[in-house]
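Visitor: Submitted below is the structure of interest, expressed as structure tokens.
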Amino acid sequence: MNPNHPKSPFIIHNSSFNLPPSVAPDVIDASCRLPLVVLFLSAAVWLLTASAFGLIASIKFHAPGFLADSAWLTYGRVRPAAVNAMLYGFCLQAGLGVALWMLARLGRTTLAAPWMVIVGALCWNLGVAAGVVGILGGGSTGFENLEMPAYAAALVFLGYLMMAFWGVLTFHQRRERQLYVSQWFLFAALFWFPWIYSTANLVLQGFGARGMAQAVIAWWYSDNLLVVWLALVGLAAIFYFVPKLLNRELHSRYLALMAFWMLILFASWGGIPASAPVPAWMPTLSVVTTVLGVITVIAVFVNVFRTTGGKCLMRMSNPSLKFIGAGLASFVVVGFASAVTALPAVNQVTQFTWFTIGKGLLNFYGFFAMVIFGAIYYIVPQLMGQEFPFPKLVRAHFFTAALGVLLFAVPLAVGGIAQGLKLQHAVIFADIAKGTLPFLRASTVGDLMMALGHVMFLVNLGGLVFQFYRGRALSAWAEATAEIKTAEARP
Amino acid sequence: MSAQPRPSTLTAAETAEPRAGDIALPLWIIVLLFLLLYWGVVYFDQYSGGFSPEVYMPCRSTAELAMYQPPAGAPEFAGGKTVYENVCGLCHGTDGMGKPGQAPPFVNSEWALGNPNRMIRIPLAGLTGPIQVAGQQYNLAMPAMGAALPDDDLAAVLTYIRQSWGNKASAVTPEQVKAVRAEIGNRTQPWTAEQLNAIQ
């Protein structure tokens with residue numbers, strides 16, 4: 001049989017593999033517009049809410065009597081409320097919005113069922129609101145990062161499924177055969193959260209795990225959410241926006257593949273502190289895998305460094321690249337700091353100090369939020385086909401955010417190490433705790449700076465959305481009330 | 001679709017979706033990965049306690065294990081401190097310096113450091129009358145504080161006294177205490193300094 005014969009089984013008929021033609025970017029953006037506006041605007045509102053609660057908690061260190069009469073606003077409730085509003089209200093929500101947009105754009109297809117995504121987003125926000133109010137009302141479960149009461153957790157979970165399902169379907173309907181790097185990360189992230197959230201909630205609240213098992217599960221969940229999920233989405237955005245905005249190829253698909261598998265295989269084992277009162281193999285495994293996380297950080301950094309040709313992203317004129325550059329820098333710092341402080345000799349000093357808190361906040365605000373800001377500042381004008389109403393505020397936001405992150409992260413790190421060294425030879429605990437106050441004051445200034453930046457973000461985002469829909473409403477009104485031309489009325 | 005112009009000033013003009021280059025992994029990162037993996041396996045082997053659910057703090061060497069053992073030769077020593085602070089410390093002081101005019105010190109005391117057969121007798125039946133301790137004259141009425149203690153506790157507390165605060169005398173064994181108890185029978189009369197000095 002002639003192998004070149006049209007019916008030959010050796011010839012792959014291209015036509016049988018042909019996918020429908022790519023959808024134009026405008027059409028994709030139009031399909032994403034409303035769901036993303038809902039997600040981003042509510043995320044911005046939650047971000048500000050989290051800042052407000054965080055500030056209340058922060059002020060209590062300087063004036064313990066502040067709002068102390070109200071049970072709803074005691075430190076033990078305000079602080080978890082702030083963390084949950086930040087995590088579930090902002091990080092996951094805005095991250096999902098960016099993820100859905102990237103999935104649609106990279107798949108060259110419209111977002112599947114935008115209305116269902118909106119319903120999912122509403123369900124999610126209802127859940128977060130119920131959760132934050134529940135925490136303030138005293139219904140916290142007491143597990144770190146999982147404080148939301150069961151009814152709120154169920155709503156949050158349902159909302160996520162409703163959004164992620166259409167994300168997976170968008171991925172399935174893609175019209176570009178070759179997958180880009182970011183798609184691996186996003187696809188993994190879509191499945192990662194339901195897995196960890198349902199497992200942690202079911203085991204802790206459903207089956208009622210007892211004793212040290214509770215702490216182990218809560219550590220596992222926090223690590224998987226804060227280290228794995230945030231990195232999956234954040235790195236997807238870095239790998240997408242850096243080459244796109246520079247109009248270059250990403251340096252190496254294999255380096256990205258290495259970062260991906262290192263993250264998937266190793267990062268999810270971390271999080272159990274070296275001194276945890278559990279059988280020795282658990283914290284030891286955590287130490288080893290956290291140190292191996294350095295490879296992920298190096299692989300990501302080298303890849304981006306080679307893509308930009310060694311130029312610093314923070315010094316580029318594009319504000320999105322500035323934000324993403326700051327996010328990448330924080331990612332590198334957090335990665336190395338995690339690896340070093342995982343080692344038992346160092347962990348002994350830094351655990352139970354402000355260093356750990358500072359590192360966690362740097363991961364939220366320095367890495368993830370910065371990358372997401374950069375992404376949103378690019379995406380939203382694309383969706384709207386309009387500029388932000390206050391372009392200067394975007395730059396101002398970058399500088400306040402970057403300065404704010406520096407101002408809280410550096411004092412907390414330095415103060416935390418000093419505190420940890422003093423605690424090694426503890427004389428009077430209260431004196432050591434008091435000694436950290438100057439550092440806390442500096443970090444409150446950082447909090448304030450960041451809160452200011454968040455206001456700028458909300459103003460610009462809200463302004464653009466308002467401007468866009470106002471324009472639409474006006475033109476629709478003009479169209480509806482326009483005089484009917486006689487020629488049209490009587491054909 | 002949308003007739004409005006694409007944004008140009010704030011964000012970059014719309015560009016094609018990104019693609020990834022096919023440049024292979026640099027060799028050094030693979031070497032680094034395997035070095036870290038090697039370290040990880042060695043480290044895990046040292047500290048994991050063999051996956052045992054009962055090992056919380058594995059020791060890497062016999063030297064480290066020995067560090068956590070009570071000092072050899074004086075196994076009663078640690079318990080002796082507790083007994084001392086409960087029974088003796090109130091009068092003789094946790095520093096072993098005693099109370100001026102009431103309770104003699106143990107530090108550099110010829111009674112505490114001397115013949116254990118005399119020392120063991122004091123807590124078993126008490127002590128009364130004038131006594132010379134470390135160059136000072138005391139007039140005592142010490143009750144039989146140790147009569148109710150079991151042999152090993154009494155041996156531990158006496159060893160503690162003889163080996164603390166710079167004292168360096170031989171340990172007292174439970175067997176010695178038992179022997180002295182048998183010798184004095186059910187004596188309740190407190191000793192005097194002369195009676196004790198007569199004992200060898």
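The values are calculated or read from the model by the stated rules, or taken from the named source; none is laboratory data. If you're wondering where the values come from, they're calculated on a predicted model, not measured in any experiment. Positions of Cβ are generated from backbone atoms using ideal geometry, with glycine treated the same way; all protein chains shown enter the neighbour counts. Ligands, DNA and RNA are excluded from the accessible area calculation, which covers all protein heavy atoms including side chains. Shrake-Rupley method; radii C 1.70, N 1.55, O 1.52, S 1.80 Å.
Visitor: How many Cβ atoms of partner chains, on average, are near each residue of B:19-32 if near means within 10 Å of its Cβ?
Guide: 6
Visitor: State, to one decimal in nm, how far the label point of B:TYR38 lies from the label point of B:LYS99, with both points 7 Å from Cα in the Cβ direction.
Guide: Here the answer is 6.8 nm between the modelled labels.
Visitor: Extension gain A:ARG210-A:GLN467, at 0.36 nm per residue separation less the Cα-Cα distance, in nm?
Guide: Fully extending the segment from A:ARG210 to A:GLN467 adds 87.2 nm.
Visitor: Using the basic label-point model (7 angstrom from Cα toward the beta carbon), what is the A:LEU126 to A:ALA345 distance in nanometres?
Guide: Distance between the two pseudo-spin positions: 5.5 nm.
Visitor: Hey, got the dipole for the stretch A:121-246? About the Cα centre, +1 on K and R Cβ, -1 on D and E Cβ, debye to the nearest 20? All intermediate terms of the calculation are to be shown ahead of the outcome.
Guide: Values: 5 positive and 4 negative charges, 86 e Å.
That gives the stretch A:121-246 a dipole magnitude of about 420 debye.
Visitor: For n ≥ 4 DSSP H runs only, could you compute -39500 (n - 2.57) per run for the protein assembly as shown, divide by its residues and tell me the 222 nm figure to the nearest 500?
Guide: About -20000 deg cm²/dmol.
Visitor: Provide a whole-number value for the mean count of partner chain Cβ atoms within 10 Å of the Cβ atoms in peptide A:285-295.
Guide: Details: counts 5, 0, 4, 10, 2, 0, 4, 5, 1, 3, 6.
Across A:285-295, the average partner-chain Cβ count within 10 Å equals 4.
Visitor: How much of the accessible area of the protein assembly as shown, probe 1.4 Å, is carbon plus sulfur, in whole percent? Each step should come with its number before you reach the end.
Guide: Working: 21040 of 31640 Å².
Using a 1.4 Å probe with all protein chains present, the protein assembly as shown comes out at 66 percent carbon and sulfur.
Visitor: Now for a separate question. Once each part is reduced to its C-alpha centroid, what is the distance from the stretch A:199-262 to the stretch A:13-90 in angstrom?
Guide: Taking the Cα centre of the stretch A:13-90 as reference, the centre of the stretch A:199-262 is 17 Å away.
Visitor: Gaussian network model of chain B, Cα springs within a sub-10 Å range: biggest mean-square fluctuation belongs to which of B:TYR160, B:TYR38, B:TYR47?
Guide: Result for chain B, Cα springs under 10 Å: B:TYR38 fluctuates most.
Visitor: If one takes the accessible area of chain B alone plus chain A alone and subtracts that of the pair, with a 1.4 Å probe, what total in Å², rounded to the nearest 100, results?
Guide: Buried: approximately 4300 Å² between A and B.
Visitor: A further question follows. Evaluate the charge dipole of chain A about its Cα centre and quote only its size in Debye, nearest 20, assuming +1 on the Cβ of each Lys and Arg and -1 on the Cβ of each Asp and Glu.
Guide: Using Cβ point charges on Lys, Arg, Asp and Glu, chain A gives about 800 debye.
Visitor: Would you mind getting the accessible area per residue of the stretch B:27-67, heavy atoms of the protein chains only, 1.4 Å probe, in Å²?
Guide: So the stretch B:27-67 comes to 75 Å² accessible per residue, rounded to a whole number.
Visitor: Related question: So for each of A:89-97, A:221-229, A:191-199 I average, over its residues, the number of other beta carbons within 10 Å; can you give me the resulting order with the highest mean first?
Guide: A:89-97, A:221-229, A:191-199
Visitor: Restricting attention to the alpha-carbon atoms of the stretch A:183-282, what are Rg (one decimal) and Dmax (integer), both in Å?
Guide: Values for the stretch A:183-282 (Cα only, Rg and Dmax): 16.5, 54 Å.
Visitor: Let me ask something additional. From other protein chains only, count the Cβ atoms within 10 Å of every residue's Cβ in A:382-395, then give the mean.
Guide: Details: counts 4, 1, 3, 7, 6, 6, 4, 0, 0, 4, 0, 0, 2, 1.
So the per-residue partner count for this stretch is 3.
Visitor: What are the principal axis extents of the Cα atoms in chain A, in Å, biggest first?
Guide: Over chain A, Cα extents along the principal axes are 92, 72, 50 Å.
Visitor: I'd like to check one number: the per residue accessible area of the stretch B:77-197, probe 1.4 Å, reported in Å² as a whole number.
Guide: Ligands and nucleic acids excluded, the figure is 50 Å² per residue.
Visitor: Still on this model: A 25 angstrom limit on the alpha carbon distance is what I want to check against. Which of B:LYS99/B:LYS168; A:LYS422/B:LYS81; A:LYS244/A:LYS359 exceed it?
Guide: Details: B:LYS99/B:LYS168 22 Å; A:LYS422/B:LYS81 29 Å; A:LYS244/A:LYS359 30 Å.
Violating the 25 Å Cα-Cα cut-off are A:LYS422/B:LYS81; A:LYS244/A:LYS359.
Visitor: Let me ask another. Just the number: Rg to Rh for chain B, Cα atoms, Kirkwood Rh, two decimals.
Guide: Details: Rg = 35.5 Å, Rh = 22.7 Å.
Checking Rg against Rh, the ratio lands at 1.56.
Visitor: In straight Cα distance, which aspartates and glutamates are under 17 Å from A:LYS311, not counting same-chain residues fewer than 8 positions off?
Guide: A:GLU249
Visitor: Moving on to the next point. Can you pull the accessible area of A:SER317 for me, 1.4 Å probe, Å² to the nearest 10?
Guide: 90 Å²
Visitor: Work out the FRET efficiency for B:TRP28 and A:ILE357 from their Cβ-Cβ distance, taking R0 = 51 Å, and round it to the nearest 0.05. Let's see the in-between values first.
Guide: Working: r = 35 Å, r/R0 = 0.68.
That gives a FRET efficiency of 0.90.
Visitor: How far is helix B:174-184 tilted, in degrees, relative to the longest principal axis of the Cα atoms in chain B, given as a value from 0 to 90 rounded to the nearest 10?
Guide: Approximately 20 degrees, to the nearest ten.
Visitor: Using +1 at the C-beta of Lys and Arg and -1 at the C-beta of Asp and Glu, which of A:VAL340, A:ILE238, A:VAL445 has the Cα lying farthest in the positive direction of the dipole of chain A?
Guide: A:ILE238
Visitor: Residues of the stretch A:223-247 that become at least 50 Å² less accessible with every protein chain present than in their own chain isolated, using 1.4 Å: which are they?
Guide: By number: A:LYS244.
Visitor: Also: Mind ranking B:ARG118, A:ARG175 by accessible surface for me, highest first, 1.4 Å probe?
Guide: A:ARG175, B:ARG118
Visitor: In the stretch A:401-491, what GluC sites (Glu not before Pro) fall in a loop by DSSP, with at most 10 other Cβ atoms inside 10 Å?
Guide: Hits after loop and neighbour filter: A:GLU483.
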